[in-house]
Amino acid sequence: MADRRAPTPEQLAARERELVERLRASCRAYSPIVFATSLGVEDMVLTEVICRERLPIGLFTLDTGRLPTETLALIERVERHYDIRITRYAPRPEAVADYVREYGIDGFYDSIAARRACCRVRKLEPLGRALAGQAAWITGLRAAQSVTRVGLAPRAWDAEHGLEKLSPLIDWSEGEVWAFIRAHQVPYNPLHDQGYPSIGCAPCTRAITVGEDIRAGRWWWEQPETRECGLHRRAEHDAPSP
Ligand code: SF4
């Protein structure tokens, strides 16, 4: 059950100080370091802190070619708001063409294998390019987001890409995230106000109803245990935050 209780201003300020220190420690420990933003609300918390504190962390996003128009508009709005550039990594056109030829443009609805193949082409391969040459990457994962994320560590070795993976919001609650967004008037995706707590590609994301798990709207036709795109496979070893 998501914890939506808002913290007191003092509690929020303490969480914020802790987050800033976590990110600063990450910058001291690793270079170069990048932040993978999907423009979701957790990622907006990190964007605000990274930009405000002028931390030496590059921002990138995976432009899958199937993102909602609201997300595409938010990328540009965030760039203007913070005067930054978010690097877009898109799938290789020939790989998309091969996928469409084999499965059809929306073939991901037909089987888990077809869905994973689409995520591989549109997300995983571009992610590999984005992480090449980096020492660490930062994500906005929270352990409370879904059954697939319970037990995640704040720092873990990403063996597949050969770098550290850092999740400084790992122990934040949904209530803390939204309290931060409101306290600092951080821009966010308007889809969140339309029942989308978790936002991915348009054809694979739906609004949820009251009482549903916050990731129930992602690949809703699959079982909860399979609802990850492969970007966040459990790492080989987990470790405390730097
Ligand atoms: S989320 Fe859906 S559209 Fe996006 S890459 Fe995965 S299967 Fe393809």
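What to note about this one:
- Prolate/oblate/rounded call for segment 9-190, Cα gyration tensor, a/c under 1.5 rounded: prolate
- Under the membrane-span-like helix rule (DSSP H runs whose alpha carbons stretch at least 18 Å along the helix axis, mean Kyte-Doolittle hydropathy -1.0 or higher), the chain yields 9-29, 69-82.
- Think of it as helices only: each DSSP H run of n ≥ 4 in the chain is worth -39500 (n - 2.57), and spread over all residues that comes to -10500 deg cm²/dmol at 222 nm.
- Modelled label reach - GLN194, point 7 Å along Cα→Cβ, segment 61-77 residues with backbone N closer than 19 Å: 64-77
- Largest GNM mean-square fluctuation across PRO91, PRO187, PRO32, computed for the chain with C-alpha springs under 10 Å, falls on PRO32.
- Accessible area expressed per residue, the chain, with surrounding protein chains retained (probe 1.4 Å, Å²): 47 Å²
- The chain - percent of accessible surface contributed by carbon and sulfur, probe 1.4 Å: 52 percent
- Among the protein heavy atoms, those of ARG88 account for about 80 Å² of accessible surface (1.4 Å probe, every chain in place).
- Label zone at THR69 (point 7 Å along Cα-to-Cβ), backbone N below 15 Å, segment 180-201: 190-191
- GNM flexibility winner over the chain from ALA36, ALA143, ALA159 (Cα, springs under 10 Å): ALA159
The values are calculated or read from the model by the stated rules, or taken from the named source; none is laboratory data. Predicted, not measured: the structure shown is a model, and the values here were computed from it. Heads up, the Cβs are rebuilt from the backbone with ideal geometry, glycines too, and the neighbour counts pull from every protein chain shown. These area figures cover heavy atoms from the full protein model, side chains too; ligands, DNA and RNA do not enter into them. Shrake-Rupley method; radii C 1.70, N 1.55, O 1.52, S 1.80 Å.
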